[in-house]
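Notes for the one structure printed next.
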Amino acid sequence: PAAPANSGPLTRPQPVSLGMNAPAGPPTWFVCGAAGAGLGPADSYDVVVRIAHPESVYDLDLYGGTTDPDEAAAILAEALVGDLADPHPGSDSRRSTTVLAQLLGPFKAVHGRFPSVPELRQLLDGAAGPLAALRKALTATGHESLLRELDARERQMGHPGDVGAVLADRIALLDRPAFAGFFDTSGQSRPFSLKALDHPVRVRIDLPERGHADASRILARLVLAQFTASVTVRDDRSLFACLLLDDATGVVTPEAVRAVQRLRSANAGVALTLRTLDDVPRPLRGPLLGATGCRMAFSGLTPWDGQDFAEVWGKEWTEARDVTDRQIIAETPAGKAFTVVRRVITGKAPTARAVTVRQVERERWSASELAHGVPAGHAVLSLTTVKGEHAPPLLVDLRGGPRV
């Protein structure tokens, strides 16, 4: 949905509503937003991850709790470069996944863990020392297949269009002093993984948006990628799981849209709030609105945003009444005399009214109505049940008043 500039009053009540109205008992939900966004007090959650805050009890697992290098590479590639458009170098997520897997696999085989952010940055930059040490360890342990992976990575370095440079630039955004104590892979911290979906848990993840906007967008994509990857492979799907993203700017990618489409069958959902649909690439707006079952357009929407909502909400048949007045032409002498007398008395020629009723197809909500006809404090909301039953878009009062 498209959200106003301050979406906290909308996002904050959703976890409470989920807890009270979940059809199969208490759900698992994750709330992710900027620090200070007003997403509820810390004591309302079981786990609070405050990234870049020195007093945070929990850390965030950069690799989503997986031990598979290929899976970890796919999740991390989506977070780092999933937002890049096709014309840009390194935008192919599959190539990015391959580059990361060529490094994560050998590193894990040698060290028994995935690299930390500084270690991964050095490997992507092609630092001679870390690569030579990794090669030596692989040779000593006889990992021939992983040596071939490392050889392929070294051959690609320096070639035009190598995605390693793009990945190194993006991971450098997380290799900052503010994040020095986070994303630890040595086992010395308390990393939280979004794989904790087998029991009811309430989690809030605070992103350091102030001063680290680009890093926050990477982390938001990381949270969404980890959630969708974990929730779709659960053995027990009886527990409903939901992720609330307070600001989905830069998060909607082609892979994210495909993942959202798979959530309903996994008994899971995601709520995305956007200040404007301009934050979503034009080719993805239609698929995104089509993949989401519930859509909400707030007051203050722009006409071009309203056009996208008008298209997805479609049209409906309605009754149109056309009223026409035609002048009566008298043909007989008596009729002509009556016409002259009536015109003298009323000052108007006599007319006959004709009413035509026909069925026409019109938009349920036009772009102009969405942009200029939604009062402040209201929104137009359409809902879809888990069984696929649709409710038409209705104007609702977000301030607790009756439905209009």
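Values quoted throughout were computed directly from the atomic coordinates according to the rules given, and no laboratory measurement underlies them. The structure presented is a predicted model; accordingly, all values stated were derived computationally and were not measured. Because the Cβ atoms are built from the backbone with ideal geometry, glycine has one as well, and the counts that use them run over all protein chains shown.
A few points about this structure:
- Cβ-based net charge around residue 259, under 13 Å, with every Lys or Arg adding one and every Asp or Glu removing one: +2
- Within region 110-147, backbone nitrogen closer than 16 Å to the virtual label 7 Å beyond the Cα of residue 154 toward Cβ: 123-147
- Packing here is the average count of other Cβ atoms within 10 Å per residue, and on that basis the peptides 149-156, 301-308, highest first, run 301-308, 149-156.
- Here the dipole of region 202-349 is about 480 debye; that uses its Cα centre as origin and unit charges on the Cβ of Lys and Arg (positive) and Asp and Glu (negative).
- Degrees separating the helix 213-231 axis from the principal Cα axis of the chain, which is the longest one: 90
- All other residues whose Cβ lies under 12 angstrom from that of residue 268 are scored, Lys and Arg at +1 and Asp and Glu at -1, for a net of +4.
- Degrees, to the nearest 10: 282-291 long Cα axis against longest axis of the chain: 80
- Shown for 387, 348, 108: other C-beta atoms within 10 Å of each C-beta, ranked fewest to most, produce the order 387, 348, 108.
- Excluding same-chain neighbours fewer than eight residues apart, the lysines reachable from residue 195 by a Cα-Cα span under 24 Å are 108.
- Partners of residue 348 within straight-line reach, counting lysines whose Cα lies under 18 Å from its Cα and excluding those fewer than 8 residues away in the same chain: 336.
- Near the amide H of residue 243, within less than 5 Å, lie the amide hydrogens of 30, 269, 270, 271, all on another chain or at least 5 residues away, with H placed in the peptide plane.
- Net +/- balance of residues flanking residue 30 in space, Cβ distance below 10 Å, scoring K and R +1, D and E -1: +2
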